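The structure appears below as structure tokens.
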Amino acid sequence: MSSAQREFQSALVSLLPRLRRFARSLCGASDLSEDVLQTALERALRSSAGFDPARRLDSWMFKIIQNVWIDNRNEFARRRQVQIEEAEHIGLDPTPFLEARSDLVGVVRAFSDLAPEQRAVLTLVVLEDYSYQEAAETLAIPIGTVMSRLARARAAIAEALKSSHQTDEDGRENGQKDLRENGQESG
């Protein structure tokens, strides 16, 4: 193995957390995102001789991950599921935790409901801190498309969270009214 190949592999290893996060943003489920990431890494290693060192390795890998996702979208869509790990907070007032968890579930659900193209742009710009130009180059789309997908993604998430909070508030109000009407409210 040449020193260039070792350097390339070392650079890939250092990018793994970011690549994993990007794959997860497209796929939703961790097992599915690992499959996408593994396939992308295999493609990158097979094509490493064709990589232009003047180009950003992270952008090149994000594009490969996106291509793997697009190439296998139908198969992956059948397997996609959102998993949120449970957390334990023994002895603490559960109200803030439950509210935060509810907000997290809402964000994850809203994010997973976005089109994959919107999730990709949102991940690059918001989580990876890419400029619009860098995201456009990475995804091979015009900068105006990045801006419109980002705006639509943000609006969709905000609307979903707003609707979620409104439904929760209406449900609590209605539940309290029902209890008062039946004379069952204590206090």
- [ ] Go through Ala44, Ala40, Ala23 for me and flag whichever is under 17 Å from Ala135 (Cα atoms) and in a helix (DSSP H, G or I).
- [x] Ala23
Open item on the list: When you check Leu179 against the structure, is it at pLDDT below 70, among the hydrophobic types (A, V, I, L, M, F, W, C) and more than 22 Å from Val36 (Cβ to Cβ), yes or no?
Closed with: yes
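The values are calculated or read from the model by the stated rules, or taken from the named source; none is laboratory data. Every value quoted in this text rests on a predicted model; they were computed, and no experiment measured them. Note that we place each Cβ from the backbone using ideal geometry, even for glycine, and neighbour counts take in every protein chain shown.
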